[in-house]
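To start, the structure itself, in C-alpha cells.
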Amino acid sequence: MSNKIRLEAIRHQVAIAGQVKDAQTKQVIPGAVVEIADMPESLKSKLDLLAGLYGDDWEKRVERPDRTRTRVDGYFYFQDLPDGSYTLTASLLGTGTRYSADPTIKTIPPDSDLESDDTEVQVSRDSDGAIAIPTVNFYFQPTALKGNVTNSEDGEAVVMAKVEIEGSGEYTFTDNDGNYLLSSLEASTDKSSARPVKVKVVAQGYQKETSQLVDLNQGQVTTHNL
C-alpha cells in the first residue's frame, strides 16, 4: 500500500471585479472599502458560520468573503461567490471631507463594454463551471474647484497659470485652454456651512497676482473663473 499523499491545487475564480475612482479626474482611489450589501442566502449562511468561528474579530476583519479593499491600482475583486444577485457598496477611509459619502455606481454586464446605471449584478456559471465576470465601478464626487483663467484685457486664455489654494500647498496649472481643476480638497467639517478658501493665481508675464475668496462644499464641484 502506498503511503504517498496526493495534493490537488485549489482553483479560485474571480466572481465580481471593479475599480474605485475620482469622478472628476478619473484617478484611481486605493484603500477604499468595498462590501457586498445584498447577496444570495447561501452566502449569508456561510458568513454566519464564519462570524461564529471568528467571534468578536469578525467585524474587524478587512478581508472577508463579503469585504475587501482596493489595491494601489484602484481595483478590487471577490472570489468564488455562489450564483445569484449581488449589490455592492463602497466607502473611503481617512479622506475626511475630500469626497462625497455616496458614490455613483456603474455596472458592466459580462457580455458588454458599456457602463449601466443598474446597481445589481448577476453571478452565474456556464456548463463548465466558469464564471462570466460582471464589473462594478464606483465614482466618488470630490470636493473640487475648477474654472478658466483668462486675460482681463482681451479675454484670451492664460496658459500655465499657477492656481493655488493659499496656505494648503495645493495647486495646479492651467492647460492650453486656460482650464484648471483642483480635486480632492478639504471642505468644512460642519456640513451645514461651506469652507471659504483664498484662491491665488500667478502667471508668467503678468505682474499682478490675483486672490479671490471661494466657498467649498463637501462632495461638490465649484466652478470659479479667474
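The values are calculated or read from the model by the stated rules, or taken from the named source; none is laboratory data. Being a predicted model, the structure only gives us computed values, none of them experimental. Ideal geometry is used to build each Cβ from the backbone, glycine not excepted, and the neighbour counts take in all protein chains shown.
Side notes on the structure shown:
- Qualifying residue in region 189-200 (condition: closer than 19 Å to residue 151 by Cβ and exposed (fewer than 15 other Cβ atoms within 10 Å of the Cβ)): no
- No other residue among 176, 148 is more than 27 Å from the chain's Cα centre (by Cα), surrounded by fewer than 18 Cβ atoms within 10 Å (Cβ to Cβ) and not assigned by TED's automatic domain parsing to the domain that holds residue 79 apart from 176.
- Single residue of region 85-97 satisfying the filter (in contact with a strand residue (DSSP E or B) (Cβ under 6 Å, 6 or more places away or on another chain) and surrounded by 13 or more Cβ atoms within 10 Å (Cβ to Cβ)) that is nearest to residue 189 (Cα to Cα): 92
- In region 96-125, the residues that are within 23 Å of residue 32 (Cα to Cα) form Cβ pairs under 8 Å with partners that are modelled with pLDDT under 85 and surrounded by fewer than 16 Cβ atoms within 10 Å (Cβ to Cβ), at six or more places apart or across chains, as follows: 96/189; 97/189.
- For region 126-168, a tally of residues being part of a loop (DSSP other than H, G, I, E, B), in contact (Cβ under 8 Å) with a residue 24 or more places away in the chain and among the hydroxyl-bearing types (Ser, Thr, Tyr) returns 2.
- Test: residue 70 is surrounded by fewer than 16 Cβ atoms within 10 Å (Cβ to Cβ), of a type outside the set (D, E, K, R) and touching a residue at least 24 places away in the same chain (Cβ under 8 Å): no
- The criterion of being assigned to a loop (DSSP other than H, G, I, E, B) and surrounded by 15 or more Cβ atoms within 10 Å (Cβ to Cβ) does not hold for residue 105.
- Of residues in region 39-63 being in a loop (DSSP other than H, G, I, E, B) and either in contact (Cβ under 8 Å) with a residue 24 or more places away in the chain or of a type outside the set (D, E, K, R) (or both), the one surrounded by the most Cβ atoms within 10 Å (Cβ to Cβ): 39
- Sole residue being closer than 15 Å to residue 136 by Cα and more than 15 Å from the chain's Cα centre (by Cα), chosen from 104, 87, 70: 87
- Filtered residue count, region 16-38, keeping only those that are of a type in the set (Lys, Arg) and part of a strand (DSSP E or B): 1
- Residue check, residue 181 closer than 20 Å to residue 96 by Cβ, in contact with a Lys or Arg (Cβ under 7 Å, 6 or more places away or on another chain), hydrophobic (A, V, I, L, M, F, W, C) and not assigned by TED's automatic domain parsing to the domain that holds residue 25: yes
- Qualifying residue in region 185-192 (condition: charged (D, E, K, R) and touching an Asp or Glu at 6+ places or on another chain (Cβ under 8 Å)): no
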